[in-house]
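S.K.: Got a structure for you, written out below as structure tokens; questions coming shortly.
The values are calculated or read from the model by the stated rules, or taken from the named source; none is laboratory data. For clarity, every value in this text was computed on a predicted model and none was experimentally measured. As a convention, Cβ positions derive from the backbone with ideal geometry for all residues, glycine included, and neighbour counts pool all protein chains shown.
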Amino acid sequence: MQTQHVHNLLPDFVNKTLDNALHHEVSEHLDACPECRAEAERVGEVFRSIQSLQFEQPPVGYFSNVLPRIRERAEHDERFAWLKNPLLVKFAAPLAAVFVLVSLANLVSFDQSSEEYITYDDVADVLVRQTEGQPFANDQVELFAASALPEETVEHQITGLLVANGDTFSFDDLAGTSTDLLLENLSEQEVEALLQRLEEGSLSL
Amino acid sequence: MSPSSDVELIQRFQQGEEAAFNELVRRYQEKVYWLARRFVNDHDNADDIVQDVFIKAYDALKNFRNESGFYTWIYRITVNASLNAVRRERVRNFFRIDEQFEYEDTGTESPTEKVELQEQRALIEKAIETLPEKQKAVFILRYYDELPYEEIANILKTSVGGLKANYFHAVQKIGEYLKRANATRP
């Protein structure tokens, strides 16, 4: 002890938290070592400064409120503990993805089934498939139907009553109606395509 | 009737007796609060830590095997939570443009004394705040909580060997900080 410095023991020496024997040894060393004595002085000063630091007390009644608040939080956490289930966490992303996909699929099929207007292509398809027998109800429809078809199909001299999806669209329904009503029955895309063809001069009603 | 030991309370809690947990909270809430408070220097932050520590304890106690003792364990959780709070605060301070000091009315000092006391307190808090994490933890646990080095080693999961040096260096750095700060004060 006499030959080596005791810096690391000084905080405990100053605060008198060393056991008696060690405290005595350090004390003897300080008597003989000016460097450690000076260091012990500095350590003592620091502790005197720190002792003046009084932490503000917490608000009155704080400690009597700790437990009820913890209880409340613990109960809340327990209620929602299932959200922390590792299986749920592990599969949350795939489940969410499946849910989104199913929702989107439903949305698409819903849109399709609820669509009031068949598409321009659908008209063409139906015209191709249903070319049996009966004449068109009027020239306008015939002209429209014919113009909606590829040229080679038109060449087949389509005749007959064309019914597309029965409940949603029927060329029969259009018999004797104005062009305005015909346009009202078309979707935006169909109208757009129709306008384009009108502009191009490839269709005239 | 003698009070139940921590081990007994934990066993009772693990067997479903919720009141045993309440007793543990009542027993340790002040120690946890003051330990946290010395790290974060702020009541609200310390309160957040107290809440987090006991909620964590509530969840983890169901599987607690009492290998290190509840006291050491709860101290360890508190030290870690406090150090995390200090880190978060450092990040916040980094982005803070200006800092406001609120002077609290302690009721007995003159306005000048109040300001001086407040300044001195802020200075010491700052000096402790600037310590490296381990030195800070050792300083708080040794000086304020007066824990034996063996206990501190258990809490910090380190060997006893370097703790006395950590403590001394912490005191030395606080002293150097105060000296520099006082030298530049008007």
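S.K.: Do the conditions hold for B:Q29, that is, is it free of Cβ contacts under 8 Å to residues at least 60 places away in the same chain, more than 18 Å from B:K62 (Cβ to Cβ) and touching a Lys or Arg at 6+ places or on another chain (Cβ under 8 Å)?
M.R.: Spelling it out, it is not the case that B:Q29 is free of Cβ contacts under 8 Å to residues at least 60 places away in the same chain, more than 18 Å from B:K62 (Cβ to Cβ) and touching a Lys or Arg at 6+ places or on another chain (Cβ under 8 Å).
S.K.: Let me ask another. Looking only at the stretch B:30-46, which residues are β-branched (V, I, T) and either facing another protein chain (nearest Cβ under 10 Å) or on the phi > 0 side of the Ramachandran plot (or both)?
M.R.: Matches in the stretch B:30-46: B:V32 only.
S.K.: Just the residues that are away from chain A (no Cβ under 12 Å) and either touching a residue at least 40 places away in the same chain (Cβ under 8 Å) or crowded, with 20+ Cβ neighbours inside 10 Å (or both), please, taken from the stretch B:153-184.
M.R.: B:N154, B:I155, B:L156, B:K157 - these are the residues of the stretch B:153-184 that are away from chain A (no Cβ under 12 Å) and either touching a residue at least 40 places away in the same chain (Cβ under 8 Å) or crowded, with 20+ Cβ neighbours inside 10 Å (or both).
Residue-wise test of (1) within 23 Å of B:D6 (Cα to Cα); (2) at pLDDT below 80; (3) outside the structural domain of B:A137 (by TED's automatic domain parsing).
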residue	(1), (2), (3)
B:V40	no, no, yes
B:D44	no, no, yes
B:I49	yes, no, yes
B:N63	yes, no, yes
B:E67	yes, yes, yes
B:R87	no, no, yes
B:F94	no, yes, yes
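S.K.: Take the residues in the stretch A:21-57 that are assigned to a loop (DSSP other than H, G, I, E, B) and surrounded by fewer than 18 Cβ atoms within 10 Å (Cβ to Cβ), then tell me which one is modelled with the highest pLDDT.
M.R.: A:Q57
S.K.: Sticking with this structure for a sec: Quick check on the stretch A:2-16. Is at least one of its residues loosely packed, with under 15 Cβ neighbours inside 10 Å and β-branched (V, I, T)?
M.R.: Scanning the stretch A:2-16, I find at least one residue that is loosely packed, with under 15 Cβ neighbours inside 10 Å and β-branched (V, I, T), so the answer is yes.
S.K.: Among what's in the stretch A:66-81 and is within 7 Å of chain B (Cβ to nearest Cβ) and not charged (D, E, K, R), pick the residue that is surrounded by the most Cβ atoms within 10 Å (Cβ to Cβ).
M.R.: Among those that are within 7 Å of chain B (Cβ to nearest Cβ) and not charged (D, E, K, R), it is A:I70.
S.K.: If the Cβ limit is 7 Å and pairs must be 6+ apart or interchain, which residue in the stretch A:47-65 that is among the hydroxyl-bearing types (S, T, Y) pairs with which residue that is surrounded by 15 or more Cβ atoms within 10 Å (Cβ to Cβ)?
M.R.: A:S49/B:I124; A:S49/B:L178; A:S52/B:Q120
S.K.: Looking for whichever is at pLDDT 80 or above, within 14 Å of another protein chain (Cβ to nearest Cβ) and surrounded by 10 or more Cβ atoms within 10 Å (Cβ to Cβ) here; the options are A:F63, A:F99. Which one fits?
M.R.: Being at pLDDT 80 or above, within 14 Å of another protein chain (Cβ to nearest Cβ) and surrounded by 10 or more Cβ atoms within 10 Å (Cβ to Cβ) holds for just one of A:F63, A:F99, which is A:F63.
S.K.: Restricting to the stretch A:1-35, give me the number of residues that are within 12 Å of chain B (Cβ to nearest Cβ), among the hydrophobic types (A, V, I, L, M, F, W, C) and without any contact (Cβ under 8 Å) to a residue 24 or more places away in the chain.
M.R.: Selection size over the stretch A:1-35: 3.
S.K.: Do the conditions hold for B:E125, that is, is it touching a Leu at 6+ places or on another chain (Cβ under 8 Å) and either under 15 Å from B:L35 (Cα atoms) or not in a loop (DSSP other than H, G, I, E, B) (or both)?
M.R.: Here the answer is yes, as B:E125 does meet what is asked.
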